[in-house]
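S.K.: If you scroll down you'll find the structure; I have some questions about it.
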Amino acid sequence: MTINACVIGDPVAHSLSPKLHTHWLKQYNIDGCYTAERILAEHLADGIVHLRDEGFAGFNVTIPHKENILPFLDEYDALAKSIGAVNTVVIRQGKMLGTNTDIYGFSENLIRHLKQANIPFSAAFSSPIVLGAGGAARAVVKALADMGSGMIHMVARNPEKAERLKEINVRLEIHPWENLPAILPNASMLVNTTPLGMEGKEAAAISLAGLSRDAVVTDIVYNPLKTPLLADAERRGNIVVDGLGMLIFQAMPGFEAWFGKKIECSMQDLAQLKQLLVSS
Ligand code: NAP
């Protein structure tokens, strides 16, 4: 019997997840189907009950439902609870169980690239700066703390909103955007979690002049793959990590839970998957 899974969101048509999961389904010859389902915010509760009743094995959750979905699930695990967001739901025996794999996706992508570049974790995570305080920043700061970060410096245009991320129980210092030049020279890593640099949006107006050449620069925006921030950092000789790997790694636990196959992914596989996803 065909196993069904999907990604729910609004908008969702742009999602690369169907292309990624369909590639793995073909690669492993699995009788499965993964689609994108647009569910409006006001239909979230009914929409996911419908998926359950249709026999779906589970689904991914994207904007704007990652936080709002929690009360409609039968259970969610400690990871999801820690950041207040679910991006993966597994349906078993009629129960909807939520977790968060964005934390794993960000960590695994970063760890793979640090290992490849022979960068000691202690150096990379000593003093990270995170730009932005939205939903994705929650997963990023949790991942950074779990990987052994020292004080995490968060730069946000809305410091009150950033303060709320302290509930995640990580060591966080909040800075207004205009303080970035002052704190940049001490950064071991710079992580962009804002949509700045995304296709159709303005680029981040950041001068990297004070940043150490040893600092790692990573952007979770993956459209384009090389954002203006990453291009600038690469020109200066910084190690850069793009955001598409995060999307690929966050997808793997869901694929395994729904379709029963653990994905093995070498750095070469990762590069090929990225090529596949960026090709039209
Ligand atoms: P979000 O919840 O809307 O948060 C965006 C954050 O960026 C907010 O803190 C927002 O500030 C800030 N921001 C937006 N425009 C800004 C500007 N012009 N100047 C300064 N700060 C600005 O969005 P999200 O869900 O966190 O997603 C953020 C980005 O990450 C998106 O581009 C998304 O596609 C990408 N993403 C990638 C992955 C991946 O797998 N690679 C996963 C998740 C998300 P305010 O709070 O003041 O509005």
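S.K.: When you scan the range 232-280, how many residues do you find that are open to solvent by 10 Å² or more (accessible area, probe 1.4 Å), among the small types (Gly, Ala, Ser) and in a helix (DSSP H, G or I)?
M.R.: Total meeting the criteria: 2.
S.K.: Among (1) away from the ligand (no atom under 11 Å from the Cβ); (2) in a strand (DSSP E or B); (3) in contact with a helix residue (DSSP H, G or I) (Cβ under 8 Å, 6 or more places away or on another chain), there is one condition Val155 misses while meeting the rest; what is its number?
M.R.: Of the numbered conditions (1) away from the ligand (no atom under 11 Å from the Cβ); (2) in a strand (DSSP E or B); (3) in contact with a helix residue (DSSP H, G or I) (Cβ under 8 Å, 6 or more places away or on another chain), the odd one out for Val155 is (1).
S.K.: Give the residue, chosen from Tyr34, Tyr28, that is over 24 Å from the mean Cα position of the chain (by Cα), among the hydroxyl-bearing types (Ser, Thr, Tyr) and under 22 Å from Lys261 (Cα atoms).
M.R.: Among Tyr34, Tyr28, only Tyr28 is over 24 Å from the mean Cα position of the chain (by Cα), among the hydroxyl-bearing types (Ser, Thr, Tyr) and under 22 Å from Lys261 (Cα atoms).
S.K.: Could you identify the single residue in Ile119, Ile183 that is surrounded by fewer than 21 Cβ atoms within 10 Å (Cβ to Cβ), away from the ligand (no atom under 13 Å from the Cβ), assigned to a loop (DSSP other than H, G, I, E, B) and among the β-branched types (Val, Ile, Thr)?
M.R.: Going through Ile119, Ile183 in turn, the sole match is Ile119.
S.K.: Six or more apart or on different chains, Cβ under 8 Å: which pairs go from a residue in the range 153-166 that's under 18 Å from Glu67 (Cβ atoms) to one that's among the basic types (Lys, Arg) and near the ligand (Cβ under 9 Å from one of its atoms)? Could you list them?
M.R.: So the pair list comes out as Leu165/Arg138.
S.K.: Any residue at all in the range 199-208 that is free of Cβ contacts under 8 Å to residues at least 40 places away in the same chain, within 10 Å of the ligand (Cβ to nearest atom), in contact with a strand residue (DSSP E or B) (Cβ under 7 Å, 6 or more places away or on another chain) and of a type outside the set (Val, Ile, Thr)?
M.R.: Scanning the range 199-208, I find no residue that is free of Cβ contacts under 8 Å to residues at least 40 places away in the same chain, within 10 Å of the ligand (Cβ to nearest atom), in contact with a strand residue (DSSP E or B) (Cβ under 7 Å, 6 or more places away or on another chain) and of a type outside the set (Val, Ile, Thr), so the answer is no.
S.K.: While we're on this one: One residue is enough: does the range 57-65 have a residue meeting the conditions in a loop (DSSP other than H, G, I, E, B), open to solvent by 80 Å² or more (accessible area, probe 1.4 Å), modelled with pLDDT under 95 and of a type outside the set (Phe, Trp, Tyr)?
M.R.: Yes, the range 57-65 has at least one match.
S.K.: Identify all residues within the range 221-253 that are of a type in the set (Val, Ile, Thr), touching a strand residue (DSSP E or B) at 6+ places or on another chain (Cβ under 9 Å) and touching a residue at least 60 places away in the same chain (Cβ under 8 Å); write none if there are none.
M.R.: Passing the criteria: Ile239, Val241.
S.K.: When you check Ile111 against the structure, is it buried (at least 19 other Cβ atoms within 10 Å of the Cβ) and under 18 Å from the mean Cα position of the chain (by Cα), yes or no?
M.R.: Taking the combined requirement at face value, the residue does not satisfy it.
S.K.: Given the structure, is Pro64 farther than 21 Å from Thr2 by Cβ and free of Cβ contacts under 8 Å to residues at least 24 places away in the same chain?
M.R.: Here the answer is no, as Pro64 does not meet what is asked.
S.K.: Taking the residues in the range 209-220 that are without any contact (Cβ under 8 Å) to a residue 60 or more places away in the chain and open to solvent by less than 10 Å² (accessible area, probe 1.4 Å) as candidates, determine which candidate is farthest from the ligand (Cβ to nearest atom).
M.R.: Filtering the range 209-220 for residues that are without any contact (Cβ under 8 Å) to a residue 60 or more places away in the chain and open to solvent by less than 10 Å² (accessible area, probe 1.4 Å), the one farthest from the ligand (Cβ to nearest atom) comes out as Ala215.
S.K.: Now a separate question. Within the range 216-242, can you find the residues that are in contact with a helix residue (DSSP H, G or I) (Cβ under 8 Å, 6 or more places away or on another chain) and of a type outside the set (Ser, Thr, Tyr)?
M.R.: If the condition is that a residue be in contact with a helix residue (DSSP H, G or I) (Cβ under 8 Å, 6 or more places away or on another chain) and of a type outside the set (Ser, Thr, Tyr), then Val216, Val217, Asp219, Ile220, Leu225, Lys226, Ile239, Val240, Val241, Asp242 are the ones that fit.
S.K.: Can Glu160 be described as within 12 Å of the ligand (Cβ to nearest atom) and open to solvent by 10 Å² or more (accessible area, probe 1.4 Å)?
M.R.: It is true that Glu160 is within 12 Å of the ligand (Cβ to nearest atom) and open to solvent by 10 Å² or more (accessible area, probe 1.4 Å).
S.K.: Out of Val140, Val130, I need the residue that is touching a helix residue (DSSP H, G or I) at 6+ places or on another chain (Cβ under 7 Å), within 16 Å of the ligand (Cβ to nearest atom) and assigned to a helix (DSSP H, G or I). Which one?
M.R.: Residue meeting the stated conditions: Val140.
The values are calculated or read from the model by the stated rules, or taken from the named source; none is laboratory data. Keep in mind the model is a prediction, meaning the values are calculated, not measured. Here Cβ is always computed from backbone atoms with ideal geometry, including for glycine, and neighbour counts include all displayed protein chains. Surface areas here come from the heavy atoms of the whole protein model, side chains and all, with no ligands, DNA or RNA. Shrake-Rupley method; radii C 1.70, N 1.55, O 1.52, S 1.80 Å.
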